[in-house]
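Visitor: Before anything else, here's the structure in question.
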Amino acid sequence: MRVKNSINDHATSAVVPVDEPLWERDAVAFEDKLEEWRRRDWVAWLSEHLTFPFRAERINDEDDAYFTDSAEREPFRLGHTVNVLKVELEDDQYGIIVKVSEGRKRRYVPLCDLGVPNKGAPDYWPIREYLSWFANRY
């Protein structure tokens, strides 16, 4: 990608953040990484690479959460911040299921419904890898 330098109007290469992996910006590297992800034991890998507990935001939810305001009032719903306590199991339909807490309540939610908004957080990239694989697994 090329960008214009506003100071002298010369084209220069765009700066890519150092911590961004190659598979995030290169299609061939992504395909290679996807093959690696297909072979990965996600329960074991996530259990090893995540630091529990960590905070995450519910970024996907049941369909009604998008069309009503009920999600604001109910725990564990769209937009809520939860503490991820541990990887629980892998489900054929929902993928990795994690145990979470919000306040004093505990529940199990699909990891694919959660996101770590801060790229600098230690759990951001392991979750990003899982979400990328989950969205492209078929």
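The values are calculated or read from the model by the stated rules, or taken from the named source; none is laboratory data. Keep in mind that what you see is a predicted model, and the values were worked out from it rather than measured. For neighbour counting, all protein chains shown are included, and Cβ atoms are generated from backbone atoms with ideal geometry for every residue, glycine included.
Visitor: Check whether at least one residue in region 82-91 is more than 15 Å from the chain's Cα centre (by Cα) and within 12 Å of A56 (Cα to Cα), and report yes or no.
Guide: Yes.
Visitor: Give the residue that is nearest to R137 (Cα to Cα), with candidates limited to residues of region 74-107 that are β-branched (V, I, T) and in contact (Cβ under 8 Å) with a residue 40 or more places away in the chain.
Guide: I96
Visitor: For region 129-138, which positions are farther than 18 Å from L78 by Cα and in a helix (DSSP H, G or I)?
Guide: Within region 129-138, E129, Y130, S132, W133, F134, A135 meet the criteria.
Visitor: So is S6 at pLDDT below 95, polar (S, T, N, Q) and assigned by TED's automatic domain parsing to the domain that holds L111 or not?
Guide: For S6, the condition - at pLDDT below 95, polar (S, T, N, Q) and assigned by TED's automatic domain parsing to the domain that holds L111 - is not met.
Visitor: All but one of (1) charged (D, E, K, R); (2) modelled with pLDDT of 75 or more; (3) closer than 22 Å to D92 by Cβ; (4) not in a helix (DSSP H, G or I) hold for D61, so report the exception by its number.
Guide: Unmet condition: (2).
Visitor: Considering only residues that are in contact with a Cys (Cβ under 9 Å, 6 or more places away or on another chain) and closer than 22 Å to E31 by Cα, which ones fall in region 89-138?
Guide: G95, I96, Y130, L131, F134, A135
Visitor: Looking only at residues that are in a loop (DSSP other than H, G, I, E, B) and among the aliphatic types (A, V, I, L, M) in region 100-127, which one is surrounded by the most Cβ atoms within 10 Å (Cβ to Cβ)?
Guide: Per the stated criteria, the residue is V116.
Visitor: As an exercise: evaluate W133 against (1) surrounded by fewer than 18 Cβ atoms within 10 Å (Cβ to Cβ); (2) farther than 17 Å from N83 by Cα; (3) of a type in the set (F, W, Y) and give the number of the one condition it does not meet.
Guide: With respect to (1) surrounded by fewer than 18 Cβ atoms within 10 Å (Cβ to Cβ); (2) farther than 17 Å from N83 by Cα; (3) of a type in the set (F, W, Y), W133 is out only on (1).
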